[in-house]
1. Relative to the longest principal axis of the C-alpha atoms of chain A, give the angle of the C-alpha long axis of helix A:361-384, reported between 0 and 90° and rounded to the nearest 10°.
2. Please label the shape of the stretch B:114-246 as rounded, prolate or oblate, based on the square roots a ≥ b ≥ c of the eigenvalues of the alpha-carbon gyration tensor (a/c under 1.5 means rounded; beyond that, a/b larger than b/c means prolate, else oblate).
3. Kirkwood hydrodynamic radius for the stretch A:273-359: how many Å is it when counted over pairs of different Cα atoms?
4. Treating only the Cβ of Lys, Arg, Asp and Glu as charged (+1, +1, -1, -1), what charge dipole size does chain B show about its Cα centre? Round to the nearest 20 debye.
5. On a 21 Å Cα-Cα criterion, which of the cross-link pairs A:Lys111/B:Lys242; A:Lys268/B:Lys303; B:Lys90/B:Lys131; B:Lys44/B:Lys131; B:Lys152/B:Lys303 come out too long?
6. Top mean-square fluctuation among B:Pro218, B:Pro108, B:Pro392, Gaussian network model of chain B, C-alpha springs under 10 Å?
7. With r as the distance between the Cβ atoms of B:Ala195 and A:Glu181 and R0 = 30 Å, compute the FRET efficiency 1/(1 + (r/R0)^6) and round to 0.05.
8. Can you give the FRET efficiency to the nearest 0.05 for B:Phe2 and B:Met255, using r as the Cβ-Cβ distance and R₀ = 51 Å?
Amino acid sequence: MMSAIPGMLQTPKQVADRRARAPHSSRRYSMFLRMLFRAAVVRRGRTTAALLAMIVAAAVATAMMNLYVDVQAKLSGEFRNYGANVVIIAKDGRALPADALTKAESVLGPKTLAVPFSYAVARTKDGRSVVVVGTDFARARQLNRWWKVSRWPAAPSEALIGMRAATVINPNPSANRQPFELTFQGKAIQLTPAGMLQTGAGEDSRIYLDQSQFQNWTGVVPSTIEVSANGTAAEVEAAIRQLAQILPDADVRPIRQILEGEANVLNKTRATLYASVTLVVLTSALCVLATLMGWVFDRRRDFAIMKALGASRRLISGFFAAEAAALGVVGGVVGFFIGIGVAAWIGRASFHAPVVPRLGVFPYVLIGSMIVALLSAILPIALLRRVQPAIILRGE
Amino acid sequence: MFPRLVYESFRHQARRKLLAGIAIALGVAVATAMIAVATNIGDKINRELRSYGANLIVTPQEDTLDVEVGGVNLKPPSDGAFLNEADLPKIRGTFWHNNIIGFSPMLPVTVKVGTGREAQDVTLVGTYFKKPLSFGKENFTTGVSITHPWWKVTCGDGKESPSCGWPTDDSQNVLLGERLAAKMNRKAGDTIEVAGRELTVSGILSTGGAEDEQIVAPLALAQQILGMPGAVRRIYVSALTKPQDAFAVRDPKTMSPEVYDRWYCSPYAQSIAYQLQEAIPHSHAEQIRQVAQNEGVVLSRIKGIMLLITLAALFASALAVSAAMATAIFERRIEVGLMKALGASSLAVSTFFFAEALLLALVGGIAGFSAGALLARHIGHSVFSSQISIEPVLFPVILAIAVFVSFAGSAAAIRRAVKFDPVFALRGEG
């Protein structure tokens with residue numbers, strides 16, 4: 001390192017010795033590299049300022065692009081709280097094939113929820129009709145997170161009672177933990193209420209039972225499977241097509257209310273995010289452009305000396321461009337990692353879930369930094385080119 | 001002398017001043033647009049969330065149990081209690097009537113469709129499509145076209161033509177659910193026989209829900225068929241609400257009068273439901289939890305993200321402004337040297353530069369604010385097709401921020417320029 005930085009007080013002999021020791025063939029390149037390096041070291045303050053601007057801009061751009069990609073995925077997840085977006089219904093009142101659920105799950109993959117429902121109309125002791133539904137409580141609980149349930153059934157003989165159904169089976173609300181009896185085609189069953197279900201929709205008028213208990217009692221198998229398919233509109237459509245193919249005896253329908261509502265909100269959010277992120281990235285690019293142009297313009301004396309010493313235009317342009325490119329690369333790389341960190345922190349703060357670093361953003365950030373850096377080097381040089389070196393050196 | 005110095009500086013360095021001014025204007029424009037978008041996003045997304053449909057439902061207080069499987073009603077038709085259609089416009093008289101986007105009454109009737117042996121039981125739902133109503137002096141339209149935006153009406157043969165579409169609310173025309181239409185082999189323009197009446201199918205309805213197997217008719221027609229004029233089974237209400245918090249779920253009966261007033265005057269789903277119950281006699285209003293519970297979560301997430309992006313935008317524009325100011329001052333070391341050599345104090349030189357920065361910030365700030373307002377408007381129109389309003393109070397705030405950021409950006413550069421030895425500066429070394 002020391003030999004690369006010659007002191008001011010070297011005698012001509014020392015300089016000549018050093019030059020003789022340098023490998024002859026690479027002299028021109030080593031000179032080029034030394035100039036690049038020295039330029040950075042000597043004007044430490046200005047170079048640091050330019051590099052900082054570059055890093056900050058790259059970090060902001062990385063964080064924004066990362067968020068832009070990740071927020072959409074995260075929001076999609078939030079929209080899954082609305083419950084099923086696809087429903088599989090047996091055709092014309094027939095039952096679904098026994099293996100429908102396993103088949104559906106094999107198509108959908110392990111992360112997708114599919115919940116079976118079977119329906120029957122039973123009678124209470126005093127002869128009133130009530131809809132009884134058999135389902136898998138563990139899955140229904142995950143699918144329908146908006147259900148307000150005072151206590152989920154723990155034992156098979158326990159039932160979940162809809163708010164309005166509760167008044168039918170037991171008009172006295174203080175005694176709502178008492179067992180009750182339902183009959184279906186002459187077969188009676190004793191059930192204990194586990195808790196109350198409140199949704200504000202049709203579920204309030206129903207009684208929910210464990211599927212196997214329900215099937216033992218009524219012999220009715222599931223007629224509906226509600227599916228919460230993940231992903232974009234196109235992915236959900238593909239899932240629907242696959243399901244229809246594997247289950248030819250059933251109707252596979254999208255729940256348009258959920259799908260279209262989600263598409264609408266997500267599209268608007270994405271457009272707003274896109275506009276905002278573009279604005280932020282453009283602003284930071286402009287900031288770098290202004291700083292770097294000042295930095296290059298400030299070095300017009302170096303430029304003039306090189307020109308006066310007979311350097312070709314190409315060499316000078318190449319020199320400044322190489323310097324700017326080096327700055328762009330260093331700033332881009334450092335900024336990228338800082339930006340990833342910022343995005344991860346933001347993700348944790350706003351979604352309580354880690355943001356996955358999107359490495360796909362890296363080439364864009366790097367190329368963007370290079371372009372901005374080169375642009376800010378070339379513009380001032382184009383301006384300076386027309387000026388006589390003597391005028392610059394005179395300080396005018 | 002001082003104003004002349006500043007004036008001359010702007011006159012002779014017009015190009016450089018222009019560059020710095022543009023940088024400030026751009027920074028301020030981005031900041032203004034982002035603040036405007038961020039303050040409006042909650043309201044806009046709340047409206048978009050209404051595309052999930054109604055979030056409140058009003059039913060008769062003494063309603064009997066629904067016995068319904070897969071959209072087919074198994075309950076005797078005249079069983080149960082009804083609401084009165086005449087009470088519906090009162091919904092517009094509630095405290096939060098401006099937050100109520102629309103409502104649709106529903107009256108399901110089980111009818112025989114077809115004649116003789118082919119007759120089958122089908123549910124016919126009476127509702128409003130786009131019904132003009134008035135409450136007091138106020139006129140408004142409401143119906144499923146507002147509360148159920150995912151309902152689509154086609155001609156049934158894949159083509160769209162003006163001859164088919166939504167029926168009018170005073171007609172005897174109906175919409176046929178697409179699955180029912182396929183089963184009966186009917187399309188728009190055909191007639192069907194419902195409960196002994198010849199009705200024209202004005203369009204084929206696709207909803208992806210139970211309505212696909214039903215007939216949807218104007219409310220008046222359903223009431224005629226049922227023989228109960230003015231009867232409504234339930235009302236779906238779509239309202240803009242505030243995300244639920246701990247205060248929202250408290251029981252209004254246990255509140256003290258002041259707390260009750262505060263609860264009553266907050267647009268929670270719960271308090272709007274409470275007011276609907278007050279407006280419509282013998283009713284029970286409740287939130288549809290699937291819609292109402294989730295919108296709060298989605299809304300707060302989107303708001304949070306926009307806030308963060310706005311902060312990033314403010315940060316980036318502050319950087320851009322201060323970078324431009326620093327560059328502009330750094331280039332003028334020789335002038336500083338000259339001024340100091342002529343005996344100007346550091347204070348005088350700094351004041352001169354700060355005055356320049358102030359002028360630039362004010363001019364750039366005003367230009368940037370106007371540009372930012374235009375940008376926000378453009379975003380509002382292209383994304384939400386509605387106005388993004390900018391609070392007038394934002395103007396002085398933005399201007400103050402612009403001045404502050406310009407000063408902060410210049411401060412370091414001015415200090416360095418002032419500290420610099422005039423001899424070196426005049427010799428052109430630096």
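The numbers here are math on the coordinates, done by the rules we state, and not lab data. Remember, it's a predicted structure, so these values are computed and weren't measured experimentally. When we count neighbours, we look across all protein chains shown, and the Cβ atoms used for this are built from the backbone with ideal geometry, even at glycine.
1. So the inclination is approximately 30 degrees.
2. Numbers: a/c = 1.77, a/b = 1.53, b/c = 1.16.
Note, shape of the stretch B:114-246 comes out prolate.
3. The Cα-based Kirkwood calculation yields 16.0 Å.
4. Working: 40 positive and 37 negative charges, 458 e Å.
Here the size comes out at about 2200 debye.
5. Working: A:Lys111/B:Lys242 32 Å; A:Lys268/B:Lys303 13 Å; B:Lys90/B:Lys131 15 Å; B:Lys44/B:Lys131 25 Å; B:Lys152/B:Lys303 31 Å.
Pairs exceeding the cut-off: A:Lys111/B:Lys242; B:Lys44/B:Lys131; B:Lys152/B:Lys303.
6. Comparing B:Pro218, B:Pro108, B:Pro392 in a Gaussian network model of chain B, the most mobile one is B:Pro392.
7. Numbers: r = 38 Å, r/R0 = 1.25.
Between A:Glu181 and B:Ala195 the formula returns 0.20.
8. On the way: r = 64 Å, r/R0 = 1.25.
E(calc), rounded to 0.05, equals 0.20.
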